[in-house]
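Report on one structure; see the data block that follows.
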Amino acid sequence: MAYKMPAQKYSGQIQEVTIGSDLKLGGESVLPFYSFDGDMGNKPVIGMEIWDIIPESWPEGVLNTFKDVADDPVKWAKYCEEKYNPDFICIKFEGANPDGLDKSPEECAEVAKKLAENVKVPLVIAGCQNNEKNAKVFTKVAEALPDKNYVFLSAVESNYKEVGAAVGMAYGNIVAAESSVDLNLAKQLNILVTQLGIKPEKMVMDPGCAAVGYGFEYVVTTMDRIRLAALQQSDTTLQIPMILPVSFESWKVKESIAPEEEMPEWGSQEDRGIAMEISTAVGVLGSGANAVILRHPRSVEVVRNFISEMTE
Amino acid sequence: MALNGMQIYKLLPRKNCKECGFPTCLAFAMKLAQGGTEAEKCPYMSDEAKAQLAEATAPPMRTVKFGTNDLEYSLGGETVLFRHEKTFVNRPRFAVMFSDTMSPEEIEKKIKNINAVNYTRINEEMYVEIAAFRCESQDKDTFISLIKKVTEKCSKVVPMVITDNPEIATAAVSECADKGPILFGANEQNHDAMVNLAKENKLLLGVTADGKEKLYELVEKIQKAGYRELLLDAGSRNLKGAFDDMVNIRRTALLSGDRTFGYPTVAFVCDMAQDKMMQLACASLFVEKYASIIVLSDIDYSLALPLFALRQNIFTDPQRPMRIEQGVYKIGTADEESPLLVTVDFALTYFIVSGEVERSKVPSWILIPDAGGYSVLTAWAAGKFNAKSIAKAVKEFEVENKIKTRELIIPGKVAVLKADIEDELPGWKVIVGAEEAAALPNFLKNYQQAAS
Ligand code: SF4
């Protein structure tokens, strides 16, 4: 008997979303990297994370790479863009944190505006830990940068109305709906966001991220189920490209932050951090991420290489 | 191929004697087709019918073994393509590749690295399980002395003998037969001799061919020769091709129900990239989908920490929460003056909490009572995380002898427990901590400042 390949054909397709003027996400009608089954759509993209303040909490291994530019987000973004060629820049307004520097939404909007003027690639605007504050920051930033198709990371259950109304409806940018590692919550939030009047082509979703080893199975399973529902059952509420802020998680776990003096047998702290970031990124890409956010240039290089090998 | 109820019915004696516990043969056949009972329950079936049934009801993917005694491992036996459908059962095993043309320094370095990576993560011992040996010298003695050297120095590895020369294979296998080695590989030319060698020594046999079509034909031949302890390799040595092989071999077994590909697969990541981090990327993908042996060029902690952790996550039974051992955990350089927090024994919660405590740079202790392996609110709602279980842990782990503080920080979400705990633990004061783990660093910093 001759061998027969068991192709799987799906009726559903992931929505294509354009970030900025021409960075396209999604469009696939097969499981991640299943080129043997059909159309893989646009290849996954990589963004680099920068902060509006000096990221003192970053482990040395990654902070050192940016030490000459980290005091100025524009300098930092340009440095990344010129040197490492990311598909987008993710500016995280950590300085807005009310428990920290508590920068005003106007200050953040000023920074975002300068970035938009100086950087060619599109921006992903990320907030701090305080969702209430984020809604205010996002509103001001979106107002300063209308119709740019920038992604705002993110709208959560407690602030989606405000974020959706400003970012998506009033100022024509893209809303990222963030849920916490649960298919039903993700679906529900997507529905709520669309009910505000936001079109699916103006949405992405962050189903919740974790680093490998830290409940990562929930991330994989949630993403697998989201993709299967989108493709197999043509669930339009879940046919939204996924963006995963890998670096937000992978650089805060023990493997990435423990200094060498503390764990001499573990070897280079920088290598460990990079490795956790790469493994987490590949893990979510293998489960359907359309965009990942990374910190370390070495991770960007390797993950890009991985994506090209899988898609070309 | 699986049989349906009617096909099974035709194999039965049709006596309707009820001895199987079913009213009729047909009822029994229907149940058997669904996997709801066992063929042995009918005492009147012919041997021939039994054999046919065994074949038809066998799992779609075979479970095979390698190694011996404490170092024996199972591969394969998977029944689903996604872990949420049921669970993945046999985790992939990691190998480091040696060649008998490598310099002695390189060999020594790898031996040292293999021995250095050995640690425990959530009750699981993590180390490289396999040393793969590629015979490139075509010299029997050189090859055997390499195997000898490495297996003597790395006591835990099971050898994987890689050669297409049956004569060299025979000598190498007899050298390490007591370790239950993997024999790789049987190919189009040598399969008769290799199958015999594997049969004689009851070895897991790696089968290799150039492409899935050729591999399929070769496996058919080997199955006809009566050997089914197999490990498959469809020959791709680039990432994209190997991913295609892993996914489609697995889907052929589980979706098409074709047992010719119902065996585990091996991914030679060492041949797909030179760069260590690129190997890590490839290996991470294959842990998710769907390799059973992953061969790396080398190992160190930067590779092991993410890979073993990812594997541990992916192969967790989704029906059963992962629990962390109860006890008092020291975070950072905590001493007897450091603060004490309590949380639940659900591994994910513990990891998040301990991660945030670490990030706070405030050396602390975390007490883990028996909370049923649930998250904070679930454990509290189920009555598993309460004043009694917390007080019991304080006593059981002799917290009062180890730590001077008499303040216990509890998760903000269970603030209601404060009074109860203080009743159970005379002399203690309960501090209500952060509601979310992410707020812990700030909370601890303030807590520490207030104390000093
Ligand atoms: S024991 Fe066998 S013969 Fe008797 S009823 Fe059951 S299936 Fe039929």
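Just a few scattered comments:
- Among residues of region B:52-71, those that are away from the ligand (no atom under 14 Å from the Cβ), open to solvent by less than 60 Å² (accessible area, probe 1.4 Å) and under 30 Å from B:Thr252 (Cβ atoms), counted: 8
- Top-ranked residue of region B:1-19 - restricted to ones that are more than 26 Å from B:Phe261 (Cα to Cα) and in contact with a Lys or Arg (Cβ under 9 Å, 6 or more places away or on another chain), ranked as nearest to the ligand (Cβ to nearest atom): B:Glu19
- The listed residue being closer than 30 Å to B:Gly241 by Cβ and touching a Pro at 6+ places or on another chain (Cβ under 9 Å), out of A:Ala275, A:Ala230, A:Ala281: A:Ala275
- Lone qualifier among B:Phe22, B:Phe98, B:Phe94 - being within 14 Å of the ligand (Cβ to nearest atom) and aromatic (Phe, Trp, Tyr): B:Phe22
- Here the condition is being within 12 Å of another protein chain (Cβ to nearest Cβ) and within 22 Å of B:Ala283 (Cα to Cα); of B:Leu239, B:Leu218, B:Leu231, B:Leu255, it holds for B:Leu239 alone.
- Scanning region A:123-142 for any residue that is surrounded by 21 or more Cβ atoms within 10 Å (Cβ to Cβ), in a loop (DSSP other than H, G, I, E, B) and more than 14 Å from chain B (Cβ to nearest Cβ) turns up nothing.
- So B:Phe88, is it within 20 Å of B:Ala267 (Cα to Cα) and surrounded by 15 or more Cβ atoms within 10 Å (Cβ to Cβ): yes
- Condition check for A:Glu249: open to solvent by less than 10 Å² (accessible area, probe 1.4 Å) and at the interface with another protein chain (Cβ under 10 Å from one of its Cβ atoms): no
- Counting the residues of region B:266-286 that are of a type outside the set (Phe, Trp, Tyr), more than 8 Å from every other protein chain (Cβ to nearest Cβ) and open to solvent by less than 10 Å² (accessible area, probe 1.4 Å) gives 5.
- Within region A:247-268, one or more residues are of a type in the set (Ser, Thr, Tyr) and over 30 Å from B:His84 (Cβ atoms).
- Restricting attention to region B:32-43, the residues that are buried (at least 18 other Cβ atoms within 10 Å of the Cβ) and either more than 12 Å from the ligand (Cβ to nearest atom) or free of Cβ contacts under 8 Å to residues at least 12 places away in the same chain (or both) total 1.
- All positions within region A:143-164 that are within 16 Å of A:Ala177 (Cα to Cα) and part of a helix (DSSP H, G or I): A:Tyr160, A:Lys161, A:Glu162, A:Val163, A:Gly164
- Residue match in region B:45-62 (condition: in contact with a Gly (Cβ under 9 Å, 6 or more places away or on another chain) and under 30 Å from B:Thr151 (Cα atoms)): yes
- Some residue of region B:116-131 being free of Cβ contacts under 8 Å to residues at least 40 places away in the same chain, assigned to a helix (DSSP H, G or I), open to solvent by 20 Å² or more (accessible area, probe 1.4 Å) and not β-branched (Val, Ile, Thr): no
- Scan of region B:132-165 for residues that are without any contact (Cβ under 8 Å) to a residue 12 or more places away in the chain and closer than 18 Å to B:Ile299 by Cβ, ordered by number: B:Ser155
- Given (1) more than 9 Å from chain B (Cβ to nearest Cβ); (2) open to solvent by 20 Å² or more (accessible area, probe 1.4 Å); (3) modelled with pLDDT of 95 or more, index of the condition A:Arg298 fails: (1)
- Cβ pairs under 6 Å, 6+ apart, first in region B:241-265 and within 11 Å of B:Gly76 (Cβ to Cβ), second among the aromatic types (Phe, Trp, Tyr) and in a loop (DSSP other than H, G, I, E, B): B:Arg250/B:Tyr290
- Where a residue in region B:16-28 is more than 14 Å from chain A (Cβ to nearest Cβ) and its partner, wherever it lies, is more than 6 Å from the ligand (Cβ to nearest atom) and open to solvent by less than 50 Å² (accessible area, probe 1.4 Å), with Cβ under 8 Å and at least six apart: B:Cys20/B:Thr37; B:Gly21/B:Thr37; B:Phe22/B:Thr37; B:Leu26/B:Gly5; B:Phe28/B:Thr37
The values are calculated or read from the model by the stated rules, or taken from the named source; none is laboratory data. Quick caveat, the model's predicted, so the values are computed rather than measured. FYI the Cβ positions are ideal-geometry reconstructions off the backbone, even for glycines, and counts take in every protein chain you see. In case anyone asks, the SASA skips ligands and DNA or RNA and just uses the protein heavy atoms, side chains included. Shrake-Rupley method; radii C 1.70, N 1.55, O 1.52, S 1.80 Å.
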